[in-house]
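Peer 1: The following block contains the structure, expressed as structure tokens.
Coordinate-derived values only; no laboratory data. Just so you know, these numbers come straight off a predicted model, no measurement behind them.
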Amino acid sequence: MPELPEVETTRRMLEPRLLGKIVRDVVHSDDSRYRNTVAMLGKQILKLERRGKYLILRLDDGLDVIVHLKMTGGFRLPTETHFLEVPRFERLRLVLHDSEVSYVDSRRFGFWEVLPTNQWAHIKALSEMGPEPLEAGFLLKPFQVAMAKVSKVKPALLSQKPVAGVGNIYADESLWLAKIHPEAKQLSAVAAKRLHSAIIEVMGKAVAAGGSTLSDNSYQQPDGATGYFQFEHQAYDRAGMPCSRCGAPIEKYFLAGRGTHFCPDCQKR
């Protein structure tokens with residue numbers, strides 16, 4: 001699933017193509033998954049924002065377009081052959097006054113919803129989300145307090161409540177960097193400080209690298225390029241490979257239904 005770095009990379013690449021543009025049409029065939037998109041017609045795109053893993057298009061007349069890419073959603077920008085070849089797995093096409101942008105989603109889990117500005121209460125994952133890890137609001141003390149109460153640290157991170165945008169990949173990478181076991185509970189202030197710093201470092205580097213493109217190639221940047229942070233992974237998707245810190249083989253198991261990678265020597269229980 002695209003996490004904060006992938007969604008932020010998408011936002012940055014779409015922004016110059018969408019800002020100030022007028023929406024002429026929104027073409028799709030699934031009103032249950034792409035909700036109230038007719039309200040976008042004739043509206044101007046004023047801002048592109050991101051909250052955790054969500055992309056938010058701010059329109060005039062007090063409307064927001066909430067986009068969640070889920071597992072395989074993404075955008076494709078027009079190419080020289082765009083009008084001859086529809087992008088594979090295109091589910092929605094945003095027709096602007098001077099161009100088009102395609103939304104693709106092979107597994108059809110992503111969704112769009114047009115709402116009055118900031119009226120997100122029914123989207124609990126969005127309305128209850130914690131602070132952004134790359135912004136000043138990600139303060140150490142509240143994070144330490146939250147981590148002192150967790151029963152298992154990785155599922156707590158995946159809940160999005162202590163910090164926004166950390167999914168399976170970047171939870172594994174941050175916990176490896178902080179030398180904390182995925183099932184550690186009631187973290188000390190010192191351990192939580194290490195994890196706080198690790199999340200900021202990992203997320204910053206991943207955004208700079210354009211996110212992570214895994215072997216299924218489901219995530220691509222809007223221009224079709226891959227991300228590059230997968231070449232810097234230290235834990236995720238490296239089962240059986242030596243830990244770059246101590247040489248012990250990275251192990252994989254399932255925690256809360258998610259494939260979880262860690263070093264048994266560096267990240268002891």
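Peer 1: Using only alpha carbons, build the gyration tensor for the chain and give me the equivalent ellipsoid semi-axes, biggest first, whole Å.
Peer 2: Calculated on Cα positions only, the semi-axes equal 35, 21, 15 Å.
Peer 1: Now for a different question. Once the Cα gyration tensor of segment 140-262 is diagonalised, what are the square roots of 5 times its eigenvalues, in whole Å and ordered largest first, as equivalent ellipsoid semi-axes?
Peer 2: Gyration-tensor ellipsoid for segment 140-262: 24, 17, 13 Å.
Peer 1: Output the direction-averaged projected area (hull surface divided by four) of the convex hull of the alpha-carbon atoms of segment 17-73, in nm².
Peer 2: Value for segment 17-73: 4.3 nm².
Peer 1: Compute the convex hull volume of the Cα atoms of segment 4-127, divide it by the residue count, and report the result per residue in Å³ as a whole number.
Peer 2: In segment 4-127, the Cα convex hull volume per residue is 100 Å³.
Peer 1: Show that you can apply the helix-only estimate: for the chain, add -39,500 (n - 2.57) for every DSSP H stretch of four or more residues, divide by all residues, and state [θ] at 222 nm to the nearest 500.
Peer 2: Taking each H run of at least 4 residues, the total per residue is -7000 deg cm²/dmol.
Peer 1: Under 5 Å between amide H atoms, partner at least 5 residues away or on a different chain: which partners does Leu255 have, H built in plane at 1.01 Å?
Peer 2: Here Thr260 satisfy the definition.
Peer 1: Taking 20 Å as the cut-off for C-alpha to C-alpha distance, list the pairs among Lys53/Lys205; Lys141/Lys193; Lys185/Lys268; Lys53/Lys161; Lys53/Lys193; Lys53/Lys124 that go past it.
Peer 2: Lys53/Lys193
Peer 1: Please list, ordered by chain and number, the residues whose modelled amide H lies under 5 Å from the amide H of Leu63; skip anything fewer than 5 residues away on the same chain.
Peer 2: Placed amide hydrogens put Thr117 under 5 Å from Leu63.
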